[in-house]
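Comments concern the structure below.
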Amino acid sequence: MARSPLKNKHDLLLTRLAIREQVVSDHETLEGLVETVVSRYNSTMNRIELFALLSQTLTTSVVLDTVEDEWLLAALSV
């Protein structure tokens, strides 16, 4: 069984926020997504840290299974 790269609830919340942001804005690159999350949402992580987190969490099925629920995309018009 693969180990999740999520270290704490902030990693989980930032990953969920990034997924929602991507659905709404459809960024072409991970760098663009990171830039938006850091600047728009006043992230507690810097760009390098957030890029490292998201490059792991958004490509790991264990994490995606953890963060996806019926509320993840609720109220978004997609």
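Identification of helices (runs of 4 or more DSSP H) wholly contained in the chain with 2 or more residues that are touching a Leu at 6+ places or on another chain (Cβ under 7 Å) and surrounded by fewer than 16 Cβ atoms within 10 Å (Cβ to Cβ) yields 9-25.
Got at least one residue in the range 45-54 being of a type in the set (D, E, K, R) and within 19 Å of L76 (Cβ to Cβ)? Among the residues of the range 45-54, not one is of a type in the set (D, E, K, R) and within 19 Å of L76 (Cβ to Cβ), which makes the answer no.
Taken together, the values in this text are just the output of simple stated rules run on the coordinates, not laboratory data. The shown structure was predicted, so the numbers you read here are calculated from the model rather than taken from an experiment. Neighbour counts run over all protein chains shown; Cβ positions are idealised from the backbone, glycine included.
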